[in-house]
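Enquirer: Below is one structure. I have some questions about it.
The values are calculated or read from the model by the stated rules, or taken from the named source; none is laboratory data. If you're wondering where the values come from, they're calculated on a predicted model, not measured in any experiment. FYI the Cβ positions are ideal-geometry reconstructions off the backbone, even for glycines, and counts take in every protein chain you see. For the accessible areas, the whole protein counts, side chains as well, though only heavy atoms, and no ligand, DNA or RNA atoms are used. Shrake-Rupley method; radii C 1.70, N 1.55, O 1.52, S 1.80 Å.
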Amino acid sequence: MPVSVDLIKNGDSAWDAYVLGHGEATCYHQFGWKEVIEKSFGHEAYFLAARGDSGEVCGVLPLVKMQSALFGRYLVSVPFCNYGGVLCDDTAVERLLINKAKEIREDMGVTHVELRHLDKCLKGMATRSHKVTMILTLQEDETAQWKVLDTKVRNQIRKAEKSRLKVITGHVELLDPFYRVFCRNMRDLGTPVYGKEFFRNILETFPRTTKIVSVLLDGTTVASGIMMWFRDTVEVPWASSIKEYRNLCPNNLLYWQAIKHSLKLRARRFDFGRSTPGEGTYRFKKQWGAEAVPLYWQYLIEEGTSLPQLNPSNPKYRTMIKVWQRLPLAVANYVGPKIVRGIP
């Protein structure tokens, strides 16, 4: 069957129908992410759809062009998110989409294309597998879920509940306090912060499948996270807490509330998000019963060139991280969004 690959510029219901029906799709394959990224960062997005001769979609590949003085020019599927990459019906379509991505890379003169695959490794591509995502299989109801929690986790949730902490859920109306906590946490980690509009655009583009969960102490937000769900999976890709309150375990209460909401949605999986095996966030997620699922970041690069090293563990960036941690919060919040738009 003849198949063509087209660049899709505007919303296409056939795209999302295909994504919704594909067993390997993630929420980041949805067409709405094109609008989110273009509006939030000003990047050019190249969303490729493979179609058969009768017009039906048989594969998609969302690509975004990144460009900065610090990190150069390259394409990512999908930046600022955990997943993306090629989604298709068979290897023939896969090859067509990959070839089109190569063609775009060569035409633009960018250094590489990065494809972020979840538990899928395409053959014949340069690959990095240094990260995993942590997936918790959910039980039938809250009682059953509580029983399978580690004793330490249950005790931390109880401690949080006894510490005058209150949980609230909402949407855009909770964005400002979420963002205040998020900014503080990112500065403390030494990482430039996203602009607030990135999160507003996510909430407004996906209003029916997003929610903010916040933990308050005497009316002040001390932990907050954004929940997203797609089919049978719920995730909290952005969550933060203020370190001065962590002895009260607000993070545990936040995630427990998110898991309880997932059960109400009849979700089957709770995705704790990307981690490096052995590090602190990995151990935190592991104690909830989450299991590691491999992530394969795969690259289209010139033959003979080395893989890009755009990650905090790169010694090149360690000094920058230490300097950032010492910045006044107002300075970090002002400069951060201008830098982070070039960090995928």
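Enquirer: Hey, among the residues in segment 171-192 that are at pLDDT 95 or above and among the β-branched types (Val, Ile, Thr), which one's nearest to Tyr28 (Cα to Cα)?
Expert: Val172
Enquirer: Still on this structure, I have one more. Please work out if Leu70 is modelled with pLDDT under 95 and either open to solvent by 30 Å² or more (accessible area, probe 1.4 Å) or of a type in the set (A, V, I, L, M) (or both).
Expert: Numbers: modelled with pLDDT under 95: yes; either open to solvent by 30 Å² or more (accessible area, probe 1.4 Å) or of a type in the set (A, V, I, L, M) (or both): yes.
Yes.
Enquirer: Then there's this: Touching a residue at least 24 places away in the same chain (Cβ under 8 Å) and exposed (fewer than 15 other Cβ atoms within 10 Å of the Cβ), is that true of Val148?
Expert: On the way: touching a residue at least 24 places away in the same chain (Cβ under 8 Å): yes; exposed (fewer than 15 other Cβ atoms within 10 Å of the Cβ): yes.
Criteria met by Val148.
Enquirer: State yes or no: is Glu44 under 25 Å from Gly336 (Cβ atoms), open to solvent by 20 Å² or more (accessible area, probe 1.4 Å) and touching a strand residue (DSSP E or B) at 6+ places or on another chain (Cβ under 9 Å)? Show your work before the answer.
Expert: Numbers: under 25 Å from Gly336 (Cβ atoms): yes; open to solvent by 20 Å² or more (accessible area, probe 1.4 Å): yes; touching a strand residue (DSSP E or B) at 6+ places or on another chain (Cβ under 9 Å): yes.
For Glu44, the condition - under 25 Å from Gly336 (Cβ atoms), open to solvent by 20 Å² or more (accessible area, probe 1.4 Å) and touching a strand residue (DSSP E or B) at 6+ places or on another chain (Cβ under 9 Å) - is met.
Enquirer: Give me the helices (runs of 4 or more DSSP H) completely within segment 240-344, filtered to those with at least 1 residues that are more than 20 Å from the chain's Cα centre (by Cα), ordered by residue number.
Expert: Details: elements: 250-264, 280-286, 315-325, 329-340.
In segment 240-344, 250-264, 315-325, 329-340 are the helices (runs of 4 or more DSSP H) which contain 1 or more residues that are more than 20 Å from the chain's Cα centre (by Cα).
Enquirer: Before we move on, is Gly52 of a type in the set (Gly, Ala, Ser) and either more than 19 Å from Gln309 (Cβ to Cβ) or under 19 Å from the mean Cα position of the chain (by Cα) (or both)? First the steps, then the outcome.
Expert: Working: of a type in the set (Gly, Ala, Ser): yes; either more than 19 Å from Gln309 (Cβ to Cβ) or under 19 Å from the mean Cα position of the chain (by Cα) (or both): yes.
Considered against the rule, which asks whether it is of a type in the set (Gly, Ala, Ser) and either more than 19 Å from Gln309 (Cβ to Cβ) or under 19 Å from the mean Cα position of the chain (by Cα) (or both), Gly52 comes out as yes.
Enquirer: Continuing with this model, one more query. Given (1) surrounded by fewer than 18 Cβ atoms within 10 Å (Cβ to Cβ); (2) closer than 23 Å to Arg231 by Cα; (3) small (Gly, Ala, Ser), identify the lone condition not met by Gly84.
Expert: Every condition holds for Gly84 apart from (1).
Enquirer: Can you tell me which residue is nearest to Glu204 (Cα to Cα) among those in segment 6-50 that are modelled with pLDDT of 95 or more and in a strand (DSSP E or B)?
Expert: Among residues in segment 6-50 that are modelled with pLDDT of 95 or more and in a strand (DSSP E or B), the one nearest to Glu204 (Cα to Cα) is Ala45.
Enquirer: Any residue in segment 174-197 that's closer than 17 Å to Thr210 by Cα and touching a residue at least 40 places away in the same chain (Cβ under 8 Å): show its pairings with residues that are of a type in the set (D, E, K, R) and open to solvent by 20 Å² or more (accessible area, probe 1.4 Å) at Cβ separation under 8 Å, as long as the two are six or more apart or on different chains.
Expert: Once the first residue is closer than 17 Å to Thr210 by Cα and touching a residue at least 40 places away in the same chain (Cβ under 8 Å) and sits in segment 174-197, its partners that are of a type in the set (D, E, K, R) and open to solvent by 20 Å² or more (accessible area, probe 1.4 Å) give Glu197/Lys39.
Enquirer: Now for a separate question. Go through (1) open to solvent by 50 Å² or more (accessible area, probe 1.4 Å); (2) modelled with pLDDT of 95 or more; (3) not charged (D, E, K, R) one by one and return the number of the condition His130 breaks.
Expert: (2)
Enquirer: Now, a different point. Within segment 19-34, can one find any residue that is open to solvent by 30 Å² or more (accessible area, probe 1.4 Å), farther than 26 Å from Asp119 by Cα and without any contact (Cβ under 8 Å) to a residue 12 or more places away in the chain?
Expert: Step one: filter segment 19-34 for residues open to solvent by 30 Å² or more (accessible area, probe 1.4 Å), giving 20-21, 23-24, 30.
Retained after the next criterion (residues that are farther than 26 Å from Asp119 by Cα): none.
No; the residues of segment 19-34 include none that is open to solvent by 30 Å² or more (accessible area, probe 1.4 Å), farther than 26 Å from Asp119 by Cα and without any contact (Cβ under 8 Å) to a residue 12 or more places away in the chain.
Enquirer: Turning to a different aspect of this structure: In the list Tyr255, Tyr282, which residue meets the criterion of being open to solvent by 40 Å² or more (accessible area, probe 1.4 Å) and either more than 30 Å from Gly72 (Cβ to Cβ) or touching a residue at least 24 places away in the same chain (Cβ under 8 Å) (or both)? First the steps, then the outcome.
Expert: Values: Tyr255 fails: open to solvent by 40 Å² or more (accessible area, probe 1.4 Å).
Tyr282 is the lone residue from the list that is open to solvent by 40 Å² or more (accessible area, probe 1.4 Å) and either more than 30 Å from Gly72 (Cβ to Cβ) or touching a residue at least 24 places away in the same chain (Cβ under 8 Å) (or both).
Enquirer: Exactly one condition in (1) at pLDDT 95 or above; (2) under 25 Å from Asp89 (Cα atoms) is false for Asp53; which is it?
Expert: Against the list (1) at pLDDT 95 or above; (2) under 25 Å from Asp89 (Cα atoms), Asp53 comes up short only on (1).
Matching residues to (1) out of contact with any His (no Cβ under 8 Å at 6 or more places or on another chain); (2) among the small types (Gly, Ala, Ser); (3) buried (at least 18 other Cβ atoms within 10 Å of the Cβ):
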| site | (1), (2), (3) |
| --- | --- |
| Glu161 | yes, no, no |
| Tyr179 | yes, no, yes |
| Cys183 | yes, no, yes |
| Arg187 | yes, no, yes |
| Phe199 | yes, no, yes |
| Lys211 | no, no, yes |
| Ala223 | yes, yes, yes |
| Arg231 | yes, no, no |
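Enquirer: Just wondering, is there one or more residues in segment 204-224 that are assigned to a strand (DSSP E or B), within 21 Å of Val293 (Cβ to Cβ) and touching a Gly at 6+ places or on another chain (Cβ under 8 Å)?
Expert: Start the filter on segment 204-224 by keeping residues that are assigned to a strand (DSSP E or B), which leaves 210-217, 220-224.
Now restrict to residues that are within 21 Å of Val293 (Cβ to Cβ): none.
No, segment 204-224 contains no residue that is assigned to a strand (DSSP E or B), within 21 Å of Val293 (Cβ to Cβ) and touching a Gly at 6+ places or on another chain (Cβ under 8 Å).
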